[in-house]
Amino acid sequence: MESCIFCKIIKGEIPCTKVYEDEVGLAFLDVNPINPGHTLLIPKEHHENIHEMPDELLEKLMPTAKKIANAIKFSIGATGINIGQNNGTDAGQVIWHYHMHIIPRFAGDGLKHWPGKPYMLGEAEETAEKIKSVL
């Protein structure tokens with residue numbers, strides 16, 4: 001994709017602070033980190049989101065995500081790691097190239113988990129049936 005910022009980073013047209021690269025993916029520091037060490041992992045193949053990602057590529061990226069998460073945790077002393085991935089505008093996706101956020105967490109860093117809300121009576125079963133009908 002000619003206009004994709006991550007494709008340009010992969011091609012070396014835009015600089016990044018690289019932390020890892022192999023034949024499948026590239027990991028680099030986020031330019032607007034949530035905490036120092038916040039890293040993005042992207043596939044070298046362009047796919048917009050998880051819905052378009054081939055299963056084989058996801059299988060290859062996950063061990064890399066684990067490797068990077070461990071490196072972040074032990075190198076900078078993070079006491080937790082969040083791994084997040086946004087799909088679609090309503091989920092907060094702003095760059096249309098699949099990517100995972102590997103975010104170091106620390107006690108007292110001010111970040112909170114998103115709020116949950118309980119299902120109404122019968123809603124969980126109805127929702128589960130809808131999902132199962134498509135699987």
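The values are calculated or read from the model by the stated rules, or taken from the named source; none is laboratory data. As the structure is a computational prediction, the values presented were derived from the model and not from experiment. Every residue, glycine as well, gets a Cβ built from its backbone with ideal geometry; the counts of neighbours run over all protein chains shown. Ligands, DNA and RNA are excluded from the accessible area calculation, which covers all protein heavy atoms including side chains. Shrake-Rupley method; radii C 1.70, N 1.55, O 1.52, S 1.80 Å.
Here is how the numbers come out for the structure above:
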quantity: Matching option when the condition is of a type outside the set (Val, Ile, Thr), modelled with pLDDT of 95 or more, surrounded by fewer than 17 Cβ atoms within 10 Å (Cβ to Cβ) and touching a helix residue (DSSP H, G or I) at 6+ places or on another chain (Cβ under 6 Å), among His46, His97; calculated: His46
quantity: Residue within region 40-50 that is over 15 Å from the mean Cα position of the chain (by Cα) and among the basic types (Lys, Arg) present; calculated: no
quantity: Selection within region 100-127 - open to solvent by less than 50 Å² (accessible area, probe 1.4 Å), in contact (Cβ under 8 Å) with a residue 24 or more places away in the chain and in a loop (DSSP other than H, G, I, E, B); calculated: Asp109
quantity: Filter pass, Ile68 being touching a helix residue (DSSP H, G or I) at 6+ places or on another chain (Cβ under 9 Å) and either farther than 22 Å from Asp109 by Cα or open to solvent by less than 90 Å² (accessible area, probe 1.4 Å) (or both); calculated: no
quantity: First in region 1-29 and closer than 17 Å to Ile95 by Cβ, second anywhere and open to solvent by 100 Å² or more (accessible area, probe 1.4 Å) and outside any helix (DSSP H, G or I), Cβ under 8 Å, 6 or more apart; calculated: Cys7/Met1; Ile9/Pro15; Leu26/Lys18; Ala27/Lys18; Phe28/Lys18
